[in-house]
Amino acid sequence: FATLLKVRNRDKLLLYLSNIVSGKNEKEIKLQIQRKNKSFKTIRLHGLPLLFSEHNMRILLIIDDVSELENTQNALKESENLYRSLIESSDYHIFMISAEGFFLTSNKKVDVQFFVPDNSEIKGKTVSDIYPEESAQIFSLNIEKVIKTRQSTDFELCVNADSSEYRYYSYRLYPIKKEEYLWAIGGFCIETTEKKLFEHEKQILEDQLR
């Protein structure tokens, strides 16, 4: 059996067995074993000491092939990393809020609307901690709407960033449910100031042409 292992894994196995013989409480280990086609698969090995007499010990080895499980875990990890990368590189501010109104997560797209230096300052805060009073009330009403209806909702906020410039943001909140239990509210927003200014200027021009 040991000859099928890589040298590094072989030494790891011998040390593992030696520790069991010496009475140490060893947990399971993972090793790579070589297939006939020269590829490797991952096995999980758990050794149990069987003491027949003072000088007669055997070790029962329980071996599981966990290659498929490990491949699935690696693929899941890659997918999670890709998902996280997409979230962080998005032009949208993407976040999750508890049903009590606390920010649970947030990507790094933190804009001038939040009055905080980075996304780490948002987590654990409430809507009222971050937004001006009027904006916080609108946001809270839409959170309550999602909780009550279990449906997505869209709304806009106009935020006075520095007492001289107004910025507009378009939001969508949606329920995150497990079966019928709502355990969080997801959301994303994007700034729509340029669009609002364009619509405003267009309206002025149309009024002048009438």
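The values are calculated or read from the model by the stated rules, or taken from the named source; none is laboratory data. As the structure is a computational prediction, the values presented were derived from the model and not from experiment. We place every Cβ from the backbone using ideal geometry, glycine too, and count neighbours over all the protein chains shown. Surface accessibility is based on the protein's heavy atoms, side chains included, excluding ligands, DNA and RNA. Shrake-Rupley method; radii C 1.70, N 1.55, O 1.52, S 1.80 Å.
Remarks
- On Cα atoms only, tilt of 193-209 relative to the major axis of the chain in degrees: 20
- Signed unit charges on C-beta, dipole axis of the chain, positive-most listed residue LEU205, TYR16, VAL127: TYR16
- In straight-distance terms, cross-link reach from LYS36 covers every one of the lysines whose alpha-carbon lies under 19 Å from its own, apart from those fewer than eight places away in the same chain; here that gives LYS6.
- Helix 7-21 vs. the chain, principal-axis angle (Cα, 0 to 90°, nearest 10): 70
- Between helix 133-149 and the chain: long-axis angle, C-alpha atoms, 0 to 90°, nearest 10: 60
- This model, with +1 at the C-beta of Lys and Arg and -1 at the C-beta of Asp and Glu, gives the chain a dipole about its Cα centre of some 1820 debye.
- Cβ-based net charge around ARG84, under 12 Å, with every Lys or Arg adding one and every Asp or Glu removing one: -1
- The lysines within cross-link reach of LYS12, meaning a Cα-to-Cα straight distance under 19 Å and a gap of 8 or more places when in the same chain, are LYS24, LYS27, LYS30, LYS41.
- Relative contact order, percent, the chain [alpha-carbon distance under 8 Å, six or more residues apart]: 12
- Average accessible surface area per residue within the chain, 1.4 Å rolling probe, Å²: 70
- Total formal charge among the other residues, if their Cβ is under 12 angstrom from that of LEU15, Lys/Arg +1 and Asp/Glu -1: +2
- Other residues lying with their Cβ under 10 Å from the Cβ of GLY101 contribute a combined charge of -2, Lys and Arg counting +1, Asp and Glu -1.
- Dipole magnitude for region 146-210: computed about the Cα centre from +1 point charges on Lys and Arg Cβ and -1 point charges on Asp and Glu Cβ, it is near 400 debye.
- Within the accessible area of the chain (1.4 Å probe), percent carbon and sulfur: 52
- Of the GluC sites (Glu not before Pro) found in region 166-210, those in coil by DSSP whose Cβ has at most 12 other Cβ atoms within 10 Å are GLU179, GLU180.
- Only one item in (i) 241; (ii) 140; (iii) 95 matches volume of the Cα convex hull per residue in Å³ derived from the coordinates shown, and that item is (i).
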